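The values are calculated or read from the model by the stated rules, or taken from the named source; none is laboratory data. Keep in mind that what you see is a predicted model, and the values were worked out from it rather than measured. Neighbour counts run over all protein chains shown; Cβ positions are idealised from the backbone, glycine included.
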Amino acid sequence: MFPLFPFVAGVLTGAVALRLIKTDKTKAGLDKAQDKLRDATVSSLEAIEHASARARKRLTAAEADEDGESMPAEAAEPSAPAACKRAPRAAKAAPKADAAARKEDAES
């Protein structure tokens with residue numbers, strides 16, 4: 001008898017979900033969410049493409065330097081301004097050392 005309760009609840013939830021999906025307001029919301037997701041995906045793929053292009057330029061420049069060849073004009077002049085590097089993060093305090101010191105004090 002008890003296994004029927006989750007099944008019935010699932011059927012009712014599915015029926016309510018289908019009715020909500022069929023409304024125009026819900027369809028508009030889903031379309032809007034899909035457009036936002038598509039835009040985010042495109043922008044992230046473009047960022048990956050630019051990052052790989054920069055890495056490729058650095059690698060070809062490094063290989064040219066190792067071989068003793070001069071860099072091509074395309075690699076010497078970047079088309080986009082270089083991105084600013086982030087400052088290193090501050091070191092976090094070591095809580096493990098404090099706990100170990102307290103443990104040694106407790107044992108003494």
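Out of Ala40, Ala47, Ala9, which single residue is at pLDDT 90 or above, part of a helix (DSSP H, G or I), over 30 Å from the mean Cα position of the chain (by Cα) and surrounded by 10 or more Cβ atoms within 10 Å (Cβ to Cβ)? It would help to see each step written out before you state the result.
On the way: Ala40 fails: over 30 Å from the mean Cα position of the chain (by Cα); Ala47 fails: over 30 Å from the mean Cα position of the chain (by Cα).
Within the list Ala40, Ala47, Ala9, the selection yields Ala9.
Looking only at the stretch 21-30, how many residues end up being of a type outside the set (Gly, Ala, Ser), surrounded by 10 or more Cβ atoms within 10 Å (Cβ to Cβ) and in a helix (DSSP H, G or I)? Write out each step before concluding.
If we filter the stretch 21-30 for residues that are of a type outside the set (Gly, Ala, Ser), which is where we start, we get 21-27, 30.
If we keep only those that are surrounded by 10 or more Cβ atoms within 10 Å (Cβ to Cβ) too, we end up with 21, 23, 26-27, 30.
Add one more test, that the residue is in a helix (DSSP H, G or I), and what stays is 21, 26-27, 30.
So the count comes out to 4.
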